[in-house]
Amino acid sequence: MSEPKTKKKTKAPEAPSPRHVKTVLFATGEAGPFLRSGGLGDVAAALPQALVADGVDTRVIMPLYSKIPSTYTDTMRFVGKTYVTLGWRNQYVGVFESNAGGVTYYFIDNEYYFDRNTMYGQFDDAERYAFFAKAVLEAVANVLDFGPEVIHCNDWHTGLIPVFLDVFYRSVPKLAGVKTVYTIHNIEFQGKYDLRLARDICALPEDKVSLVEYGGCLNMMKGAIECANAVTTVSPTYANELQEPFYAYDLDGILKERRYKISGIINGIDTKLYDPKTDSALFVPFDVNSRQKREENKKRLCQLVNLPYRKGVPILCMVTRMTTQKGFDLLLDVAEELLQGELQMVILGTGEWKYETAFKDLEHRYGNKLRLIINFSKDLASKLYGSADLFLMPSKFEPCGLSQMIAMRYGCIPVVRETGGLKDTVFPFNPNTKEGRGFTFYAYDGHEMLGAIWRAVDTYYNDKEGWDKLIVSAMSADFGWETSARKYAELYDSIL
């Protein structure tokens with residue numbers, strides 16, 4: 001007689017690992033809604049909000065620029081004051097506090113450094129942002145009732161924070177165990193200055209000057225790469241590209257040496273702001289289930305920009321700076337050939353004079369096919385995203401890129417070069433499986449780009465099922481900040 005079979009025990013599902021990081025200070029040279037000049041300001045507004053929603057107490061610290069509107073400064077609360085030394089200088093540090101979007105913001109006050117007409121581009125930027133870096137650490141040590149486990153630094157303006165922390169502040173109890181993350185948003189601007197300032201302003205001991213020295217200069221970004229516990233950039237592909245001379249602006253050497261701590265996390269977009277269902281700029285709002293309403297938007301867009309409405313003919317659009325970095329040299333090489341195809345094109349943007357002039361000339365010769373609007377308007381940008389069929393973004397390099405994600409959210413199918421965040425967000429359409437989000441090309445070549453456009457146009461005309469699935473796939477993609485915030489929180493956990 002056989003033995004009775006024992007009942008197989010089922011393994012209980014594993015509980016999610018506990019979140020280690022609880023407090024993060026996000027240091028930045030700019031942040032919305034207070035003052036911003038570009039993508040960094042948008043990230044500094046959106047990412048902390050998403051981290052707070054994910055259960056991480058994240059607070060932002062930035063300079064108190066005199067250009068911040070009084071609607072914000074009038075409601076700020078004074079927290080306290082301290083002083084910092086920069087070589088022989090002894091400078092006042094005031095700390096103010098405000099709240100926006102459920103996030104606490106701290107502001108470093110010093111009128112000598114921040115009562116200026118512009119945020120950046122001043123003759124003494126090296127001293128201004130060395131002051132800011134040290135003031136952040138002094139504020140944490142002596143003013144704030146907030147103790148971060150991680151200080152998340154961004155771009156060159158905050159590059160000296162990890163350096164100063166390691167050199168001067170590890171003996172301070174409140175800062176002894178703090179870890180640092182450094183994110184490269186724009187590697188072109190590195191905070192490069194005369195090396196003498198490493199001694200005069202930074203007051204680094206002689207054996208520590210090598211931390212910030214690169215190419216015979218003081219390089220704030222290099223110092224952060226050297227000292228931070230983790231270095232990130234704004235897409236996984238771009239993190240790899242930065243180790244190549246073509247993309248790295250001479251920092252490929254140090255980035256290769258420190259590649260073990262470099263990773264890429266794709267930026268998100270504000271899915272509430274960029275929502276075709278609620279965007280008041282659209283002629284007719286829509287969502288993925290009412291995507292056929294895009295045709296009415298297309299018709300009314302043509303009326304607005306004075307293009308003949310041609311039902312069933314695709315519109316290719318660009319919302320961009322008209323520069324070589326954005327691929328306008330490729331477009332100019334093949335523009336005549338492109339405009340002889342069965343499509344129309346609308347370009348919205350400003351940029352280099354040679355491209356503005358060349359495309360104005362093309363518009364005169366192809367007036368029923370091409371419209372160039374030398375301007376920037378968020379209202380018109382939304383109308384293009386919600387009306388055009390294709391979105392062209394042939395960038396020479398693109399660390400992350402937001403426009404391609406916005407376009408997809410509005411059902412406008414991207415044609416992009418496989419670089420940086422474009423490669424990480426636009427998956428090429430497979431005509432056999434009908435999967436994908438857009439059309440891509442690899443080589444930086446005008447005819448390679450043209451081939452991708454023709455594949456897209458052919459799909460539009462000859463594969464209606466595939467085209468509709470493309471729109472659904474693009475509009476259904478998750479580009480919210482929640483996913484990015486979760487990855488940052490996991491990164492913080494890993495260094496703690």
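Quick look at the numbers
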quantity	calculated
Efficiency of FRET between TYR112 and ASP445 - r from beta-carbon atoms, R0 51 angstrom, step 0.05	0.50
Neighbour-limited loop hits for chymotrypsin sites (Phe, Trp or Tyr not before Pro), the stretch 198-301 (at most 15 other Cβ within 10 Å; DSSP other than H, G, I, E, B)	TYR249
Under-5 Å amide H pairs with PHE391, H placed in peptide plane, nonlocal only	CYS317, ILE413, VAL415
THR23/ASP468 FRET efficiency (R0 51 Å; Cβ-Cβ; nearest 0.05)	0.60
Spacing of the two label points (7 Å from each Cα toward its C-beta) at HIS364 and LYS311, in nm	3.5
Distance (nanometres) between label positions extended 7 Å along Cα→Cβ at GLU418 and LYS434	2.5
Theoretical ellipticity at 222 nm over the chain - DSSP helices of four or more residues, -39500 (n - 2.57) apiece, nearest 500	-10500 deg cm²/dmol
At most 14 other Cβ within 10 Å, DSSP loop - trypsin sites (Lys or Arg not before Pro), the stretch 415-481	none
Per-pair calculated FRET efficiency, R0 = 30 Å: ASP74 and ARG321 via Cβ, rounded to 0.05	0.30
Equivalent-ellipsoid semi-axes of the stretch 288-478, from the Cα gyration tensor, Å, largest first	22, 20, 16
Lysines with Cα under 27 Å of LYS360, excluding same-chain neighbours fewer than 8 positions away	LYS298, LYS299, LYS311, LYS326, LYS369, LYS378, LYS383, LYS396
Isotropically averaged projected area of the stretch 118-189, using the convex hull of Cα atoms (one quarter of hull area), nm²	5.3
Solution diffusion estimate, µm²/s, Stokes-Einstein, the stretch 32-111, Kirkwood Rh from C-alpha pairs, 37 °C, viscosity 0.692 mPa s	241
Computed P(r) (all Cα pairs; the stretch 64-197; 5 Å bins; percent)	2, 9, 18, 23, 23, 16, 7, 2, 0
Gain upon complete extension [GLN122, VAL284; 0.36 nm per residue less C-alpha separation]	53.8 nm
Over the stretch 288-478, relative contact order from alpha-carbon pairs under 8 Å, at least 6 apart, %	21
Computed lengthening from TYR249 to GLN303, 0.36 nm per intervening residue step minus Cα-Cα distance	15.0 nm
For the stretch 292-306, 3J(HN,Hα) per residue [Karplus equation, 6.51 cos²θ - 1.76 cosθ + 1.60, θ = phi - 60°, Hz, x = Gly/Pro]	5, 5, 4, 5, 5, 4, 4, 4, 6, 4, 4, 4, 5, 9, 6
Net lengthening on full extension, ARG486/PHE96 (0.36 nm per residue, minus Cα-Cα)	137.5 nm
More than 42 Å apart - percent of Cα-Cα pairs taken over the chain	26
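Throughout, read-outs are computed from the coordinates displayed, never taken from laboratory work. All values reported here derive from a predicted model rather than from experimental measurement. Cβ: placed from backbone, ideal geometry, glycine included. Neighbour counts: every protein chain shown.
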